[in-house]
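Report on the structure given below.
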Amino acid sequence: MTQPPDQPPQGGFGAPQNPPPGGFGAPQDPRQATPPPPPAQPPAPPQPGYGYPQQQPGPYAQPGPYSQPGPYGRQPGPYAQPQPGHGYPQQPPQFPGAPTPPPGGGSRNPFKGKPALVVGAAVAALLVIGGTVYAVSGGGDKKPTAGKSHDATPSADTSTPVNPGDGSGDGGEDPENLNDGRKAGEAKVLWYKQAPDAPGSGADAPSMWITGKAAVKAAYKQVFAYNVGNGNPTWAPISFPQKICAVTPQKTADDKVVVAYMSGVSDNAKCNQLQEIDLGTGKKGWSAQIAEGALFDSTLNISLSLTGKTVVVGRSQSGTGYDVGTGKKLWDKQEYTGACFPTAFAGGAKLISVASCSAGSSNEHDEVQELDPATGKARWTKKIPKGWTVARAYSVDPVVLYLTNEDKKKWNVSTLKNDGSLRSQVDVNESFAPECGWAVLSRDLQGCTGAVADANTLYLPTEAKSGPNEVVAISLDTGKEKWRVKSPAAQSMLPLKTDGTNLIAYVEPSYDGGGQVVSIATGAGHATSKLLQNPSGAAKIESGFYSKVIDYVDGRFYISTTRLTGGTRTKEKLMLAYGK
């Protein structure tokens, strides 16, 4: 669709959505069941999500300046409380009369890609939402429409037993026998780690960083590092006095990250303690305490992002840049002309800021800026049409944004040029389903797995209906479909990254079969080749990561949880590594 840069397409961004077949919370395969973490607050009425489900008319609508407008809801000016982010963990809705999964066991979440649940009050809220997207179709005068919801042989394995660990890297026997009966052609489980104990209310285990030597993982109050080949500890765990509340998803070129942890355990505790860590040595670098912002600009919850030599701390209505090497404060990004309050940041190759502007007025809108990471000054500003909210950044280089319109119950994916002007909008009649993370009191722009972009193409997974899903390649110049490839198995396939020539994707495990890592040629033919076939002996554990972060680096595949449910009688899973 070709539109003026600051105008929505004819008929509006996106298409109206409908509830899934069978209604919200329809029964699922019991083999896929995984208990969700306990909600922090009593459930609230459902809010509109990533295309589906959408807000229902009637008593659930909450008009007015203090409404919860949806998972990517606008931050209404200085009196706003930040809105929750895009769905995680993918927890079943708690509608009246809907069954609630019992606590305990299970291998996978039965509600993956299903309706959302908003839990919370003005200052403490969690949003849980599935990952289904309904794409627009057509162009010109045609109105958009919604996509319908619709040679191994046994061999003995004589490899070294898997090191399960206990979260501290102590190792031990292999009680799971994950490589027992490994078939020809299957990769090995290189090592498996169990999580540290967590409180009954649960705990975060955010991100995962892979270096040339170590796989590093944050969990609750600690950061662990394991040798990529054998899982032995590369350095002693780093412990913090309080729980970890934010981390930089990115690392620097010399393997530095920044971790934030809470100031205490009271209800008034802030996420304001920063600590730099060298992933190569496990040594702590500089530390700092984040200053509070102005009225209503809180550090109760923050976001961290890293671009070049700058780490950005995002509060509810402002941001601060620090030199990642020294901890020196570089700049503040605060309210600017037009009553615009920066509410979210995305890092990586470029630094992107999203602001809520003129809240409560007839000119209420979002704005996107690219910032100079050294100075915080805007290189360009893109005004988003009224009624549209920037929900996700699928990519920062090029800038690919996912937007939602609560009132019209539609969505849109827009790509911007290097000067911030509109390059294209996705124009594909399809239901897409990247897996997206959660946010607590923040707009998590970069929490999606399965949405990948290179210089000219966006790759998105379709929703699985009755068989394998597909990965669709979409031109960033036109928004049109270029090609699509079906998953090589009955399970869904998620794009992970590009390597310059090929698209790397993860095929999820079945109940009794391991997952796969595959390479898809982006040139002519789009042939799919298998890089790793994970062993069936570990399928139950692999499929049990109901909220996860995954990566494929140097021929090894890593999967780790992002949430500890806590209070279980058995050790929880933390991390699993595969290789040949």
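Figures for the structure shown
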| quantity | calculated |
| --- | --- |
| Flag for Thr415 being of a type in the set (Ser, Thr, Tyr), out of contact with any His (no Cβ under 9 Å at 6 or more places or on another chain) and either surrounded by fewer than 21 Cβ atoms within 10 Å (Cβ to Cβ) or farther than 27 Å from Gly308 by Cβ (or both) | no |
| Search result, residues across segment 234-293 that are hydrophobic (A, V, I, L, M, F, W, C), in a strand (DSSP E or B) and under 15 Å from Tyr322 (Cα atoms) | Val247, Val257, Val258, Val259, Ala260, Leu274, Ile277, Trp286, Ala288 |
| Residue selected from segment 389-430 under the condition among the small types (Gly, Ala, Ser) and modelled with pLDDT of 95 or more, by the criterion nearest to the chain's Cα centre (by Cα) | Ala393 |
| Verdict on Ala291 being modelled with pLDDT of 95 or more and in contact with a strand residue (DSSP E or B) (Cβ under 8 Å, 6 or more places away or on another chain) | no |
| Residue that is nearest to the chain's Cα centre (by Cα) [pool: residues in segment 294-317 that are of a type in the set (Gly, Ala, Ser) and surrounded by fewer than 19 Cβ atoms within 10 Å (Cβ to Cβ)] | Gly308 |
| Within segment 538-548, considering residues that are of a type outside the set (D, E, K, R) and surrounded by 22 or more Cβ atoms within 10 Å (Cβ to Cβ), the one farthest from the chain's Cα centre (by Cα) | Ala538 |
| Residue that is farthest from the chain's Cα centre (by Cα), among those in segment 559-573 that are assigned to a strand (DSSP E or B) and more than 19 Å from Pro535 (Cβ to Cβ) | Leu564 |
| Per-region count, segment 525-558, residues not basic (Lys, Arg) and not in a strand (DSSP E or B) | 18 |
| Residue tally, condition modelled with pLDDT under 95 and over 11 Å from Ala539 (Cβ atoms), over segment 509-521 | 0 |
| Candidates Gly348, Gly338, Gly321 - the one that is surrounded by fewer than 22 Cβ atoms within 10 Å (Cβ to Cβ) and either among the β-branched types (Val, Ile, Thr) or under 13 Å from Leu371 (Cβ atoms) (or both) | Gly348 |
| Lone unmet requirement of (1) of a type in the set (A, V, I, L, M, F, W, C); (2) crowded, with 16+ Cβ neighbours inside 10 Å; (3) modelled with pLDDT under 95 for Leu371 | (3) |
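The values are calculated or read from the model by the stated rules, or taken from the named source; none is laboratory data. Please read all numbers here as calculations on a predicted model, not as lab measurements. Neighbour counts run over all protein chains shown; Cβ positions are idealised from the backbone, glycine included.
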